[in-house]
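Okay, structure first, notes after.
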Amino acid sequence: MSDYVRKPLDPPGGQRKVLLHSCCAPCSGEVMEAMQASGIDFTIFFYNPNIHPLKEYELRKQENIRFAEKFGIPFVDADYDTDNWFERARGLEDEPERGARCTMCFDMRFERTALYAHEHGFPVITSSLGISRWKNMAQINDCGVRAASHYPELTYWEYNWRKQGGSARMIEISKREHFYQQEYCGCVYSLRDTNRHRAETGRAPVKIGVLYYGDDET
């Protein structure tokens, strides 16, 4: 862990047990270190069937597992049910980033997170998704609150992980740990749109498994 002295975190209702939905190691690194520093008993829940292709999915998951094992954090490897994701994305293929397709995607991932929390005695859920400046935090929080509302005993923690330098520490931790650096949000449509933009601006398409934080070229 870093030497940064953090203000103690206070999960909703004074609870100390949290299920953390993680999208990837770079986004969750700061969240994990912050919760560890506050003595919170948390478990990582990795459920991201949106990530495409499988090679990219495995890279992101294994980096997250590597970091979790380093600090002895429990890690739940959930299903990679891509058929279900594509079914729910039908008709939303051309939605822009932060649009209706992303809402569907957050809903799907948080619904599964909330169900697992309900079944395994976690009173609080939260996510590392909101730490990225590329994401709409209000959109993410709305989805998290909606998923948790299905279970009376469950609360979604709407903490702003970006504040007090959280986003900057996310990058610092990623460089320190030499995390894999993904170049698009995750889904096949995000990859399509990213490569389309790159072509329009004269850049080469995304190369999966090439960039790592801390490398000279990044």
Matching entry among I65, I40, I73 (being farther than 17 Å from G186 by Cα, surrounded by 13 or more Cβ atoms within 10 Å (Cβ to Cβ), among the β-branched types (V, I, T) and touching a Ser or Thr at 6+ places or on another chain (Cβ under 9 Å)): I73
Criterion: without any contact (Cβ under 8 Å) to a residue 40 or more places away in the chain, loosely packed, with under 13 Cβ neighbours inside 10 Å and within 20 Å of T194 (Cβ to Cβ) - qualifying residue of A138, A100: A100
Which listed residue, of G186, G214, is among the small types (G, A, S), closer than 19 Å to S128 by Cα, in contact (Cβ under 8 Å) with a residue 24 or more places away in the chain and not in a helix (DSSP H, G or I): G186
Lone unmet requirement of (1) touching a residue at least 60 places away in the same chain (Cβ under 8 Å); (2) aliphatic (A, V, I, L, M); (3) out of contact with any helix residue (DSSP H, G or I) (no Cβ under 8 Å at 6 or more places or on another chain) for I173: (3)
Positions within the stretch 164-197 being touching a Pro at 6+ places or on another chain (Cβ under 6 Å) and surrounded by fewer than 17 Cβ atoms within 10 Å (Cβ to Cβ), in sequence order: N195
Checklist (1) of a type outside the set (V, I, T); (2) out of contact with any helix residue (DSSP H, G or I) (no Cβ under 7 Å at 6 or more places or on another chain); (3) without any contact (Cβ under 8 Å) to a residue 60 or more places away in the chain applied to A78, failing item: (2)
Cβ pairs under 7 Å, 6+ apart, first in the stretch 25-50 and touching a residue at least 12 places away in the same chain (Cβ under 8 Å) and among the hydroxyl-bearing types (S, T, Y), second assigned to a helix (DSSP H, G or I) and surrounded by fewer than 23 Cβ atoms within 10 Å (Cβ to Cβ): Y47/R112
Restricting the stretch 1-37 to residues that are of a type in the set (D, E) and surrounded by fewer than 22 Cβ atoms within 10 Å (Cβ to Cβ), the residue that is nearest to F86 (Cα to Cα): E33
The stretch 124-176 - residue that is aromatic (F, W, Y) and part of a loop (DSSP other than H, G, I, E, B) and, of those, modelled with the lowest pLDDT: W134
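Give me a count of the residues in the stretch 1-33 that are hydrophobic (A, V, I, L, M, F, W, C), closer than 19 Å to A78 by Cα and in a loop (DSSP other than H, G, I, E, B). Let's see the steps before the verdict.
Step one: of the stretch 1-33, the residues hydrophobic (A, V, I, L, M, F, W, C) are 1, 5, 9, 18-20, 23-25, 27, 31-32.
Next cut, closer than 19 Å to A78 by Cα only: 18-20, 23-25, 27, 32.
If we keep only those that are in a loop (DSSP other than H, G, I, E, B) too, we end up with 23-24.
So the answer is 2.
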Residue match in the stretch 148-164 (condition: polar (S, T, N, Q), out of contact with any Phe, Trp or Tyr (no Cβ under 8 Å at 6 or more places or on another chain) and at positive phi): yes
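The values are calculated or read from the model by the stated rules, or taken from the named source; none is laboratory data. Computed from a predicted structure; not experimentally measured. Backbone-built Cβ (ideal geometry, glycine too); neighbour counts: all protein chains shown.
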